1. Can you give the local net charge around A:ASN268? Use residues other than it whose beta-carbon is closer than 9 angstrom to its beta-carbon, Lys and Arg +1, Asp and Glu -1.
2. Checking a compactness column here: for the range A:172-227, what do you get for Rg(Cα) / (2.2 N^0.38 Å), N being the number of residues?
3. For the range A:196-280, divide the Cα radius of gyration by the Kirkwood radius and give the resulting Rg/Rh value with two decimals.
4. Please report, in whole Å, how far the alpha carbons of the range A:50-130 spread along each principal axis, starting with the longest.
5. Cβ under 13 Å from A:VAL300's Cβ, A:VAL300 left aside: what net charge do those residues give with Lys, Arg +1 and Asp, Glu -1?
6. For chain A, with a Gaussian network of springs between Cα atoms less than 10 Å apart, report the residue from A:LEU183, A:LEU287, A:LEU57 with the top mean-square fluctuation.
7. What is the angle, in °, between the Cα long axis of helix A:174-208 and the longest principal axis of the Cα atoms in chain A? Nearest 10 is fine, range 0 to 90.
8. Return the Rg/Rh ratio of the range B:60-194 with Cα-based radii and a Kirkwood Rh.
Amino acid sequence: MLTYILRRLVGMFIVMLIVAAVVFIIARVIPGDPAAVMLGSAATPEDVAALRARMGLDQPFLTQFTLYLKQIVTFDLGDSIFLNRPVTQALAERAELTTFLTLMSVGIAVAIGVPIGIVSAVKRGRLVDQGTVALAMLAASVPSFWIGLTLIRYLAVDVPWFPVAGYGPPGASLAERLHHLVLPAIALGIPNSALILRFTRTSMLDVMNEDYVRTARAKGLPPLTVILKHALRNALIPILTIIGLTIAVMIAGAIVTETVFGLPGVGNLVVSAVLRRDYPVIQGALLVVSGLYVLINLAVDLLYAVVDPRVRY
Amino acid sequence: MTNESPVLAAPKPRKSGFFESRSPTAMLLRQLGRRPLTLIAAGLLAAVVVIALFSPWLTPYDPMKMDILNRLKPPTTAHWLGTDEFGRDVLARIMLGARLSLLVSFLVVIFATVMGTLLGLLGGYVRALDGVLMRFTDALMAFPDILLAIAFLAALGPSLFNVVLALGVVYTPRVARVVRAATLVIRELPFVEAATALGVSTPRIIRVHVLPNLMSPIIVQATFIFAFAILTEAALSFLGVGVPPTTPTWGNMIAGAQQYIRQADWLILFPGFAIVLTVLALQMVGDGLRDALDPRLQKVT
């Protein structure tokens with residue numbers, strides 16, 4: 001187990017190193033001088049030179065990269081050009097909203113995907129099954145920003161059950177803030193429920209043909225017990241994997257959803273950074289999100305052993 | 001699980017000597033003939049492509065012509081899908097938007113399949129490069145697709161070419177992984193071994209023996225990438241970092257309609273329907289192709 005974790009950590013380290021290199025290179029392939037681009041056309045050559053020196057752009061390429069890695073290790077992601085604050089601080093301030101949004105969306109996606117996937121597998125080949133498979137495909141074809149806008153129009157404008165946009169006034173209570181996140185979470189959760197549904201169904205179908213499920217049925221256990229205790233527990237690993245993947249996809253999906261609903265989260269920060277060409281923020285967000293993705297994958301792999309005691313590393 | 005990763009699908013000859021032709025194409029068509037839904041979806045796709053190609057001849061309205069007197073009119077018999085904030089015909093704009101949305105996604109598919117196939121073959125054949133290439137694809141796949149595309153576009157600036165480049169790079173690893181996995185299987189098969197024993201050169205083996213057997217997984221993967229690319233391109237246009245909004249795409253039409261959400265929901269609904277229909281059709285075709293091309297999956301459902 002310990003050697004497995006160690007091996008995974010080493011692999012993770014290598015992937016993160018390449019990720020950092022990719023992030024670093026993206027910022028350097030920009031046509032033109034990043035310092036000049038950031039300062040705009042009104043800047044004097046002296047200003048540009050000063051910013052270049054501050055950003056370390058006058059150093060050789062490899063020195064710049066080592067410098068960059070050193071900063072990352074000390075959790076220093078640089079300063080935002082426009083917000084005049086450390087990137088880590090800007091990200092941290094907005095992390096709460098994006099975390100809540102992601103968790104609620106995952107909750108919705110799982111609440112839709114897993115039970116319907118199970119029913120679909122149990123009723124395999126019947127009308128219910130074919131219907132849900134078709135619905136899942138439909139859900140996977142709908143852009144989340146479009147669901148968001150339709151929800152705003154019909155559930156916030158026409159019937160004012162939910163706020164149209166924003167995260168409540170400053171100092172709003174937790175309940176109020178969460179209320180603002182209901183529609184965004186639905187918009188993000190529905191398209192992602194499709195993948196979870198399909199994996200649950202496939203995974204359940206694989207397991208339902210196993211001998212122990214037949215035995216459990218044959219000895220007269222109630223169908224629900226067979227499905228939940230014998231089949232689902234054994235089908236859980238692929239389902240967990242896909243849920244982990246979904247979480248990562250949703251963190252990125254939040255970029256679009258937060259823009260639709262005018263939510264001041266990490267995604268919103270990224271979009272405004274792109275529009276203002278605030279590279280340190282973009283780089284920082286890329287690094288943090290992909291780091292989270294790699295971590296979630298590791299966590300899911302380690303969860304396997306908890307879910308399924310047969311798994312030994 | 002196996003369902004999700006199509007690997008190696010040389011269509012096996014079927015026993016039913018019902019039709020004379022046993023060419024892969026004929027067999028594929030026979031397989032697809034048994035799937036009416038796939039055929040309907042393929043027909044729908046063909047219709048979307050025809051509309052995109054011939055839109056100027058299919059509608060009496062000029063998608064760019066403003067008509068302020070008729071602005072924000074709901075759907076009528078004259079304007080089937082209503083008019084936008086400048087009085088332009090929404091249907092004509094959706095038809096024009098199909099062009100760019102399909103073109104971008106199509107180019108992305110070409111880029112990703114060509115690059116992905118090259119990298120996958122390289123990884124599958126040159127063992128020394130395999131480890132490096134696969135870690136590199138791991139790293140690229142650790143970025144969620146839209147975030148990586150946004151980062152590229154932030155660096156390169158928004159233009160049609162850059163959108164294609166960014167999304168192409170994003171989807172290349174997906175093809176590379178599938179091609180590598182399939183290549184590793186195919187290169188160990190008896191007929192490749194036989195060719196090697198006969199002294200056939202590696203490039204020729206790849207061209208004559210390996211590539212044709214890679215076609216089915218690549219085509220299936222390409223169909224899904226097409227679908228993802230349409231969705232991601234729409235999202236990029238919506239965020240305003242995609243193709244510049246001078247030309248309508250489905251994504252930037254929806255983005256522009258956002259401020260009229262209270263008065264004119266048709267401006268948002270109809271371009272959305274266009275996206276949903278096209279992506280749904282692509283996914284159905286992809287599913288159908290995957291089942292038809294991979295005989296091993298036929299017993300699963």
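The values are calculated or read from the model by the stated rules, or taken from the named source; none is laboratory data. Values in this document were obtained by computation on a predicted structure and should not be read as measured data. We place every Cβ from the backbone using ideal geometry, glycine too, and count neighbours over all the protein chains shown. Areas reflect the complete protein model, heavy atoms only, side chains present, ligands, DNA and RNA absent. Shrake-Rupley method; radii C 1.70, N 1.55, O 1.52, S 1.80 Å.
1. 0
2. In units of the globular-protein estimate, the range A:172-227 measures up at 1.88.
3. 1.33
4. 69, 28, 20
5. -1
6. A:LEU57
7. 50 degrees
8. Using Cα coordinates only, the ratio equals 1.24.
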